[in-house]
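The structure appears right after this line, and notes come after that.
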Amino acid sequence: MNKITAAITGVHGWVPDYVLTNKELETMVETNDEWITSRTGIKERRILKGENQGTSVIGTGAVKGLLEKTGTDAKDIDLLICATTTPDMLFPATANVISHNVGAINAFSYDLQAACSGFLFALSTASQFIETGKYKKVIVVGADKMSSIIDYTDRQTCIIFGDGGGAVLLEPDTEGYGIKDSILHTDGSGEQFLHMKAGGSRKPATPETLLAKEHYVFQEGSQVFKFAVTNMASVAAEIMEKNNLTGDDVAWLVPHQANKRIIDATANRMGVNSDKVMLNIHKYGNTTSGTIPLCLWEYEKQLKKGDNLILAAFGGGFTWGSVYVKWAYDSK
Ligand SMILES: CC(C)(COP(=O)(O)OP(=O)(O)OC[C@H]1O[C@@H](n2cnc3c(N)ncnc32)[C@H](O)[C@@H]1OP(=O)(O)O)[C@@H](O)C(=O)NCCC(=O)NCCS
């Protein structure tokens with residue numbers, strides 16, 4: 001029998017309605033549309049507003065849409081993994097909340113945290129459960145409500161992040177479609193440049209941590225930029241080389257959407273033309289675990305069976321990686 005691969009057989013995204021534009025940010029911090037556009041490529045991002053609206057709202061919206069469009073019964077889902085850095089609560093897992101909301105009563109579910117590389121780490125993890133032959137239907141969600149941990153008086157970070165996410169369905173394939181390879185990395189020394197200081201077990205929340213604004217994203221942007229531009233490009237080039245792919249063989253680069261300049265550098269290094277690069281950073285900013293499934297969702301109609309996709313990401317940790325996918329279906 002042919003080797004079992006994990007094929008992506010459907011994708012769906014979900015973003016909240018509220019649009020936070022660069023113009024509105026100009027009224028909140030000392031910044032301007034020209035600076036944000038030229039330094040990052042971002043024009044607007046979505047914000048999930050309202051009481052008791054956590055990341056599970058985004059994940060639930062994406063999974064409901066996914067089940068509906070693929071004609072999948074929620075009871076047939078074996079496993080649901082949610083990649084997120086902004087879980088509804090420290091526990092239980094946001095994946096459990098999503099499974100409950102959609103009626104996936106036979107699934108076991110858990111969260112995976114790898115910051116902006118979360119979706120790729122979860123996709124690679126999930127694919128193993130399919131490849132062993134043990135499970136038949138696995139959902140991977142990448143979703144984040146970044147607005148819940150952003151200081152909207154800090155112009156270095158508030159211009160970058162937004163809320164949103166997406167989900168994919170993985171099923172077994174024996175014709176060679178699906179997740180063909182992955183290369184994943186972490187380097188814990190990166191913690192100093194991108195982290196949240198309080199609210200975890202090392203420094204639980206106190207009135208002092210609140211006053212010191214330690215429950216927000218702390219980022220040394222230029223350090224993260226340097227790291228990202230080198231490593232995202234390297235790991236994308238590495239997976240191509242390992243699989244004997246040239247720029248011409250790649251139908252699409254699906255990059256994490258953190259900064260347009262980082263995306264351009266990655267495409268250049270890979271020898272992939274800009275018209276083959278999925279891009280939606282101008283609309284959503286950096287949705288952390290959400291960027292890659294949101295891209296796949298928006299470009300789904302342009303994807304053809306057999307297309308070679310290189311997914312690439314980097315993020316806090318540091319974490320970074322690339323996944324090579326052979327697309328398994330023509331979109332109807
Ligand atoms: C954050 C980021 C956009 C900043 O861009 P940059 O070109 O590195 O800018 P710098 O931080 O060097 O700042 C350059 C100048 O712009 C200013 N500046 C910073 N943010 C600004 C803003 N929102 N509006 C206007 N000016 C701003 C800085 O104060 C600095 O001014 P100075 O030269 O007078 O000190 C960029 O570093 C970046 O994208 N980093 C990676 C972030 C990322 O991907 N994070 C997610 C990880 S998954």
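The values are calculated or read from the model by the stated rules, or taken from the named source; none is laboratory data. All values derive from a computational prediction rather than experimental measurement. Quick reminder, even Gly has a Cβ in these numbers, built from the backbone with ideal geometry, and neighbours come from all protein chains shown. The area values use the complete protein model at the heavy-atom level, side chains included, leaving out ligands, DNA and RNA. Shrake-Rupley method; radii C 1.70, N 1.55, O 1.52, S 1.80 Å.
According to the calculation over all Cα-Cα pairs in segment 47-139, the P(r) per 10 Å bin from zero is 17, 49, 31, 3, 0 %. Take the residue pairs K43/K260; K3/K134; K69/K276; K180/K301; K276/K305 and return only those whose Cα atoms are more than 18 Å apart. Beyond 18 Å between Cα atoms: K69/K276; K180/K301. Here, P(r) means the percent of Cα pairs in each 10 Å bin from 0 to the largest distance; for the chain it is 6, 28, 36, 23, 6, 1, 0. Looking at segment 5-78, what % of the alpha carbon pairs are farther apart than 20 Å? The answer is 52 percent, as a whole percent. If R0 is 30 Å, the Cβ-Cβ spacing of S38 and L211 corresponds to a FRET efficiency of close to 0.30. The convex hull defined by the C-alpha atoms of segment 248-332 has an orientation-averaged projected area of 5.4 nm². How fast does segment 184-284 diffuse by Stokes-Einstein, in µm²/s, taking the Kirkwood radius from C-alpha pairs at 37 °C and 0.692 mPa s? Calculated translational D: 207 µm²/s. Considering all different alpha carbon pairs of segment 16-59, the Kirkwood hydrodynamic radius works out to 11.7 Å. Over the chain, DSSP H runs of length four or greater, each weighted -39,500 (n - 2.57), average out per residue to a 222 nm ellipticity of -9500 deg cm²/dmol.
Between E51 and F108, the C-beta separation translates, for a Förster distance of 30 Å, into a calculated FRET efficiency of about 0.50. Computing FRET efficiency as 1/(1 + (r/R0)^6) for E26 and N101, where r is the C-beta to C-beta distance and R0 is 45 Å, gives about 0.75. Full extension of the chain between R261 and R155 yields a length gain of 36.3 nm, computed as 0.36 nm times the residue separation minus the alpha carbon distance.
Compared with the direct C-alpha span, the chain from K226 to K305 gains 24.9 nm at full extension, assuming 0.36 nm per residue. What the chain shows is 43 Å² of accessible area per residue, with the surface traced by a 1.4 Å probe over protein heavy atoms. Under the criterion of Cα pairs below 8 Å and six or more residues apart, the relative contact order for segment 1-129 equals 23 percent. The relative contact order of the chain comes to 25 percent, based on Cα pairs under 8 Å that sit 6 or more residues apart.
May I ask you to give the percent of accessible area on the chain that is carbon plus sulfur, with a probe radius of 1.4 Å? Carbon with sulfur: 50 percent of the solvent-accessible area. For the chain, modelled as a GNM whose springs connect Cα atoms under 10 angstrom apart, the maximal fluctuation among P172, P207, P293 occurs at P207. In segment 212-332, the DSSP beta bridges split such that about 60 percent are antiparallel, to the nearest 5.
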